[in-house]
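The values are calculated or read from the model by the stated rules, or taken from the named source; none is laboratory data. Treat the numbers as computed from the prediction; the structure is a model and nothing was measured. Note that we place each Cβ from the backbone using ideal geometry, even for glycine, and neighbour counts take in every protein chain shown.
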Amino acid sequence: MKIPEKLKEVIAHNQKVDAKLEKVKTTYRWLMIVLWAILIGGVIFSLYYNYAQLFIPLILLFVVIIVIVISYSFYYRSIIASYQRYLSKEKELKELYEHNLIPLLKDFEKQRKVIRIKTILLMIVLSIPIGILVRFSFELDDGEGINDLIGLILAGGFYIYAKIIASYRKNFKAKIIQRIVALFDEKLTYYPKKTITRKEFKASKLERYWNKFNKWNGEDYIEGTFGKTAVKFSEIHAKYTSGKNTNTIFKGLFFIIDFNKHFEGFTVVLPEGTDGDDEQLVKLESPNFERAFVVYSDNQITARYVLSPNLMHRILRFYRELHQQNIYLSFVGGTLYIAIPISKPIFEPTVFNTLLNFKIYRDYLMYIQFSQDIVDELNLNTRIWSKKQAVTKLPKPPVKSPILNQKSLQKMIGDVS
């Protein structure tokens, strides 16, 4: 597949950033080893020989280490932020935003400001009885009963808030999100209330790397095709509930992409440091990829077959775009599954921040772009390797037609007579 010139520039830029990042990490690592060795050695020396004069320099050294750690954290983030990626439809999205979305968004912005005022008033109204109950909780022994009352008030507040934003939220998704999805590809369809099923999620085999869950819900379902490749994804929320306690197991986006290339076994790409199940560790020829991810498979050949260098590069680039947020991938039975944990709602209108911010809608598109990037990189639409078909009998070789010349025609006429 021909790589656009713009993408080549981005790749070259990111390779330079990779080199810079590795140099900074190595320098920081050795500096910390030396400084901590001096600090620990100085503490041991001063305590053993009762040399109190060292305490002040050692405290200053500890402060220096803290300052270096904080400075490195900010500098490291600045390097990560300098990564670039190629979002092919960003120009079209900007044009849509400026010419089509802004007029609609201005109406939604007015609604948002009204809802924000109502929400603030609701919070003030709820805070009064809650404050009174908290005050009485210090004087009364019935703390559990007061806690139940506070919980009831908060639940009522959430219910009222949900009613306040219901119409605003529904119309925003129908008019804004639907337009963004249609911009990207007319073959994509958006269903606000639909979701990836629990059965589909289990088919990915990714749940073995998380805790068990017994509650399931989701929304913002998008499905369609890129070329001939079927793609679908949605927000999902898997939880484990026991009594009054509820723990989130996974919350984020879950993609299902028809790989359409037959392969044996199971291959999974996990965040670095995640332990595998019964699969073998796969060593790949990409140090940058292996610093971010760990790959397990029950078939080493399959793992290298599906994880091409270009595919690893795209995954790594998107990983950086998400500021090194975790990504999980699994290749099972001719299907690619991708799970991206995201704590905040994705396709939701804001209430306390302005809607007139292009970055919000770029983020919406970024996830859809990623799924198309994967399809393009795997070259699924060419169907070079098709899924395994049933073996049938080979057709008989075709009978050669006789050479029609004068001699053969005379022979045929003679045979007929």
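Observations, loosely collected:
- Residue list for region 215-271, filter: among the aromatic types (Phe, Trp, Tyr) and without any contact (Cβ under 8 Å) to a residue 24 or more places away in the chain: TRP216
- Checklist (1) under 28 Å from the mean Cα position of the chain (by Cα); (2) surrounded by fewer than 13 Cβ atoms within 10 Å (Cβ to Cβ); (3) under 23 Å from HIS237 (Cα atoms) applied to ALA155, failing item: (1)
- Residues (part of a loop (DSSP other than H, G, I, E, B), within 10 Å of the chain's Cα centre (by Cα) and modelled with pLDDT of 85 or more) located in region 327-370: ILE327
- Selected residue (criterion: nearest to PHE250 (Cα to Cα)) from residues of region 184-216 that are among the acidic types (Asp, Glu) and assigned to a helix (DSSP H, G or I): GLU207
- In a residue-by-residue description of region 128-151, the property of being at pLDDT below 85 and basic (Lys, Arg) applies to at least one position.
- Counted as qualifying within region 217-321 are the strands (runs of 3 or more DSSP E) with 1 or more residues that are surrounded by fewer than 17 Cβ atoms within 10 Å (Cβ to Cβ) and either on the phi < 0 side of the Ramachandran plot or assigned by TED's automatic domain parsing to the domain that holds GLN178 (or both), namely 229-242, 245-258, 266-271, 280-282.
- Every residue from region 20-40 that is exposed (fewer than 11 other Cβ atoms within 10 Å of the Cβ) and hydrophobic (A, V, I, L, M, F, W, C): TRP30, ILE33, VAL34, ALA37
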